[in-house]
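All remarks here apply to the structure that follows.
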Amino acid sequence: RFVPSSAALVIDMSFDRRHCWIGAAGEIDTDNGSRVLLMATEVKAANAVSQVQKMMSSRNIVEVAITGGAARALEPALVEACIEYKRLTQADAAAAYSTMQEAIKNATICHLDQDELNTAMVMTRTRFIVSGESEVFDRRKYSVNLSPAVACACSLYRWDLVAAPMPVLL
């Protein structure tokens with residue numbers, strides 16, 4: 001009941017580059033109707049790609065993506081493992097933050113009450129990107145690992161885009 005049959009995955013790397021968080025978003029049925037479940041899995045950075053492979057072998061993973069910055073160090077391993085992935089931009093991160101805020105406001109998401117995710121969400125600070133139009137998670141001078149929140153917000157954003165893609169019109 002609380003495991004989605006399909007999901008979008010996003011990998012984010014912690015500031016110390018030792019751990020990665022794999023955010024997963026997928027739709028489930030709850031007593032309150034259909035919601036998107038968010039989950040975060042922590043793995044050592046060296047094991048992130050093999051964990052994604054395991055997830056792909058047991059679930060219908062509709063997309064794998066990585067955040068910018070430190071997570072891009074995983075690109076050679078993803079290519080070697082023949083895993084297709086999307087590289088997220090700062091604009092994607094801003095859209096992910098907005099998507100998460102709207103989903104919280106509209107009560108269309110739920111999660112498994114994971115301590116690390118709860119702490120990351122409570123401690124989150126934001127900043128406006130250069131254009132001044134969008135907010136992103138502010139990773140500057142923070143003492144708490146925000147990776148679980150970033151990975152989950154980005155996976156929610158990607159899930160919303162790929163779960164029911166627009167039809168191709170010719």
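The values are calculated or read from the model by the stated rules, or taken from the named source; none is laboratory data. All of these numbers come straight from a predicted model, not from anything done at the bench. Methodologically, a virtual Cβ is constructed for each residue, glycine included, from the backbone with ideal geometry; neighbour enumeration extends over all protein chains shown. Areas reflect the complete protein model, heavy atoms only, side chains present, ligands, DNA and RNA absent. Shrake-Rupley method; radii C 1.70, N 1.55, O 1.52, S 1.80 Å.
Does the range 50-68 include one or more residues that are open to solvent by 40 Å² or more (accessible area, probe 1.4 Å), touching a Cys at 6+ places or on another chain (Cβ under 9 Å), more than 23 Å from Met100 (Cα to Cα) and not β-branched (Val, Ile, Thr)? Break it down stepwise before answering.
Taking the range 50-68 and keeping what is open to solvent by 40 Å² or more (accessible area, probe 1.4 Å), we get 50-51, 53-54, 56-60, 62.
Still in the list and also touching a Cys at 6+ places or on another chain (Cβ under 9 Å): 51.
Those still in the list that are more than 23 Å from Met100 (Cα to Cα) too: 51.
From what's left, not β-branched (Val, Ile, Thr): 51.
The answer is yes; a qualifying residue exists.
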- prompt: Counting only residues that are closer than 18 Å to Ala25 by Cβ and in contact with a Cys (Cβ under 7 Å, 6 or more places away or on another chain), which one in the range 39-49 is surrounded by the fewest Cβ atoms within 10 Å (Cβ to Cβ)?
  reply: Val43
- prompt: List pairs: first in the range 50-75 and closer than 12 Å to Arg87 by Cα, second open to solvent by 10 Å² or more (accessible area, probe 1.4 Å) and among the small types (Gly, Ala, Ser), Cβ under 8 Å, 6+ apart or cross-chain?
  reply: Thr67/Ala93; Gly68/Ala93; Ala73/Ala45; Leu74/Ala45
task: Among the residues of the range 105-119, write down those that are open to solvent by less than 70 Å² (accessible area, probe 1.4 Å) and of a type in the set (A, V, I, L, M).
output: Ala107, Ile109, Leu117
message: What are the pairs with Cβ atoms under 9 angstrom where one residue, in the range 107-121, is outside any loop (DSSP other than H, G, I, E, B) and the other, located anywhere, is of a type in the set (Val, Ile, Thr) and open to solvent by less than 50 Å² (accessible area, probe 1.4 Å)? Sequence gap at least six, or different chains.
response: Ile109/Val36; Cys110/Ile28; Cys110/Thr30; Cys110/Val36; Thr119/Val144; Ala120/Val144; Ala120/Val150
- prompt: Name the residues in the range 69-94 that are in a helix (DSSP H, G or I) and open to solvent by 40 Å² or more (accessible area, probe 1.4 Å), would you?
  reply: Gly69, Arg72, Ala73, Pro76, Ala77, Val79, Glu80, Gln90, Ala91
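How many residues does the range 28-68 contain that are assigned to a strand (DSSP E or B) and under 17 Å from Cys154 (Cβ atoms)? Explain how you work it out, then say what you get.
So the first thing to find is which residues in the range 28-68 are assigned to a strand (DSSP E or B), and the list is 28-30, 33-44, 60-66.
Now drop any that are not under 17 Å from Cys154 (Cβ atoms), which leaves 36-43, 61-66.
Here the count works out to 14.
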field: Residues within the range 16-38 that are surrounded by fewer than 15 Cβ atoms within 10 Å (Cβ to Cβ), within 23 Å of Ala93 (Cα to Cα) and not acidic (Asp, Glu), tallied
entry: 2
